[in-house]
Amino acid sequence: GVEHHWQIDDNVASFGRGWGQGRRKVEAAEAMSALERFVDGYRNIALGGYLLWNWAFGEKYPEALWWNKSAASVHLIKNGLGFRYRPHCFEDTDMALQVLVSEWCTVTLTRYLIRKERMGKMPGGSDYQYRDNGKSRLHAGVARLWPGLVKANQPFRNWRRFQQRPISKEAEHGE
């Protein structure tokens, strides 16, 4: 079967590349094939994604990629591992925590970006979750799923606790 599948939020408007004032739009196929090629080089990456357009600012580039953090709204997911999106929480954070607690790796390509509509702005999808202080409920939902790891009503930011490293398919075969 197929090794990975894509999960893309319905409010993703476009893909991009770059940083700060140098950000530019790119075709989805460019960004998606870059992530697929990268992930295919490792045996233990279960979740890959991109940086949000709005976070790509400032005077200096971050690292070209981030290991073991959450990526938002566009995910390349390794099949057959049993990780599932669960309702009534920030699903991207929950998915990343499922992967990381199971000692798999995540990767965020920071040179590729996604631009999306603000949460709750578009009708349909999960917009109902953002009404009436919805973000607080979604944070509380992550805390319910991950007691002792996530505090209620606070975004999870302790990604440094996950130290597993990616294993290259080339290194595994002694190449």
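Look at the range 38-78 and say how many of its residues are part of a strand (DSSP E or B) and over 9 Å from the mean Cα position of the chain (by Cα).
Of the residues in that region, 9 qualify.
Does the range 12-24 include one or more residues that are of a type in the set (Gly, Ala, Ser), open to solvent by 60 Å² or more (accessible area, probe 1.4 Å) and within 23 Å of LYS135 (Cα to Cα)?
So the first thing to find is which residues in the range 12-24 are of a type in the set (Gly, Ala, Ser), and the list is 13-14, 16, 18, 20, 22.
This time we only want the ones that are open to solvent by 60 Å² or more (accessible area, probe 1.4 Å), so: 13.
Of the ones still in play, those that are also within 23 Å of LYS135 (Cα to Cα) are 13.
Within the range 12-24 (the criterion being of a type in the set (Gly, Ala, Ser), open to solvent by 60 Å² or more (accessible area, probe 1.4 Å) and within 23 Å of LYS135 (Cα to Cα)), the answer is yes, since at least one residue qualifies.
How many residues does the range 30-78 contain that are under 16 Å from ARG115 (Cβ atoms) and open to solvent by 10 Å² or more (accessible area, probe 1.4 Å)?
So the count comes out to 8.
Select from the range 79-118 the residues that are open to solvent by less than 30 Å² (accessible area, probe 1.4 Å) and over 13 Å from the mean Cα position of the chain (by Cα) and write down the one among them that is modelled with the highest pLDDT.
Only one residue tops the list, namely PHE83.
Just to be sure, is ILE8 touching a strand residue (DSSP E or B) at 6+ places or on another chain (Cβ under 6 Å), farther than 25 Å from LYS151 by Cβ, open to solvent by 70 Å² or more (accessible area, probe 1.4 Å) and at pLDDT 90 or above? Can you show your working first?
On the way: touching a strand residue (DSSP E or B) at 6+ places or on another chain (Cβ under 6 Å): yes; farther than 25 Å from LYS151 by Cβ: yes; open to solvent by 70 Å² or more (accessible area, probe 1.4 Å): yes; at pLDDT 90 or above: yes.
Yes: the conditions hold for ILE8.
So the check is Cβ under 6 Å with 6+ separation or different chains; which pairs have a first residue in the range 140-152 that's under 13 Å from ARG86 (Cβ atoms) and open to solvent by less than 70 Å² (accessible area, probe 1.4 Å) and a second one that's among the aromatic types (Phe, Trp, Tyr) and modelled with pLDDT under 90?
Taking only residues 6 or more apart or on different chains, the pairs are VAL142/PHE90.
In the range 1-29, what count of residues is obtained for those that are in a helix (DSSP H, G or I) and either among the polar types (S, T, N, Q) or in contact (Cβ under 8 Å) with a residue 24 or more places away in the chain (or both)?
Of all residues in the range 1-29, those in a helix (DSSP H, G or I) come to 20-22, 28-29.
Still in the running and either among the polar types (S, T, N, Q) or in contact (Cβ under 8 Å) with a residue 24 or more places away in the chain (or both): 20-21.
Within the range 1-29, residues that are in a helix (DSSP H, G or I) and either among the polar types (S, T, N, Q) or in contact (Cβ under 8 Å) with a residue 24 or more places away in the chain (or both) number 2.
The values are calculated or read from the model by the stated rules, or taken from the named source; none is laboratory data. As the structure is a prediction and not an experimental result, all values here were calculated from the model. Glycine gets a Cβ as well: all are built from the backbone with ideal geometry, and neighbour counts include every protein chain shown. What goes into the accessible areas is simple: the full protein's heavy atoms, side chains included, and nothing from ligands, DNA or RNA. Shrake-Rupley method; radii C 1.70, N 1.55, O 1.52, S 1.80 Å.
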